[in-house]
Every structure is written in structure tokens, then in C-alpha cells.
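Scroll down for the structure; my scribbles are underneath it.
Please treat every number below as a calculation from the coordinates, not as lab data. Keep in mind it's a predicted model, so treat the numbers as computed, not measured. Cβ sites come from the backbone with ideal geometry, for glycine too, and all protein chains shown count toward neighbours.
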């Protein structure tokens, strides 16, 4: 069952599921963020890792090449044509054992050829979300720090999972910064 805004508010305040938690939808002069009808619109921070393919790097999910990324901090980030950036959420998440989330990019960005990818937050996952933002166009694309980037939907199971992300000691548990792909 998808959880409502009332449940998200109650659980976030009582159990610190989302910190900082924005109790209302903020949309004036920004790409919206905060609570929504059946989800939460998370924000993107001002820290980015911009992928620059200077040496025809092969992207390998088992061994990230740190030299292929340029660190950038700013109020907005320009994504090179046909490239991507990694960023992190402003919000820190603590997902309950009976909840899993799915995440969708904001339609404002999708309409500009900017695709947002965030994997599900598994039961008992905790941390800042690492967000991949791809520019599918042949032109530079701009994204805005501290504004909405994606909507998270919270799905509740009628059973507690047998093995949570915390139980299996997932490699991205309690991440505090942008985390490149890694194999442990």
C-alpha cells in the first residue's frame, strides 16, 4: 500500500525518517520540494561530481575511476552534453523495516531531457541518497541546488522482511557523501 502524506508526516516527525523534513510543499519560485499527496519531493544538495570523459574512460560499476569526476560545489550545476553528474540529497533518510521506496525524477527536469535516477531505498537503509542526473541532450543542462529533484513514494508491506539492508550490511549503508559505485 502506498503511504499518504499524513502517514509520511507522522512517521517522519516521530521517527526521524526524513531529516530535515519539510511539512508543506514549497513551490514558489523553485522546483517544488517537501511533502506531496502520496510522497515526498527530496532536494538535491550543492555538492556534485561531474563526469568528464577526457580519456575515453570505460565506466565500470565494479571499479569507479575517481579521476573521471570533477568535484563542484555551487548554487546550480551545469551538466555537459550527453553526460551526467552524481549528487546527494539534502535529506537524510531512515527507512523502516516494513517500508521500501521507489523514486521518480521531477517532470520539470524530464521535460528538458534531464533524467534523474535514484534506486529504491530498501527496508532499514539509512543515509543521504546518491543521485545520478543525466543530460540526454546535445546541449549543456542546468540543475538547481536545494530545490526538488525527485519524488519518493513509500510502500508498506503487510509483512516484515526477512533480511533488511542493515542485516546484510549493504555497501551504501549510512553514506554521508556522494558515493561512487563500488564492489566490496
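For residue 29 and residue 173, compute 0.36 nm times the residue count separating them, minus their Cα-Cα distance, and round to one decimal in nm.
Extra length from residue 29 to residue 173 when fully extended: 48.4 nm.
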Residue-averaged 222 nm ellipticity for the chain, from DSSP H runs of 4+ at -39500 (n - 2.57), nearest 500: -2000 deg cm²/dmol
Between 0 and 90°, nearest 10: helix 5-15 axis offset from the chain longest Cα axis: 90
Order of 32, 107 - criterion: other Cβ atoms within 10 Å of each residue's Cβ, fewest first: 107, 32
Computed over the chain: relative contact order in percent, which uses C-alpha pairs under 8 Å that are six or more apart: 28
Extension gain (nm, one decimal) between residue 13 and residue 108, 0.36 nm per residue minus Cα-Cα: 31.4 nm
Ranking of 52, 122 by count of other Cβ atoms within 10 Å, fewest first: 52, 122
Spin-label pair residue 182/residue 98, simplified geometry with 7 Å Cα→Cβ offset, distance in nm: 3.3
Simple label model, 7 Å out from Cα along Cβ direction - residue 63 to residue 75, nm: 4.2
Simple label model, 7 Å out from Cα along Cβ direction - residue 82 to residue 53, nm: 0.7
Residue order, fewest to most surrounding Cβ atoms within 10 angstrom, among 119, 6, 101: 6, 119, 101
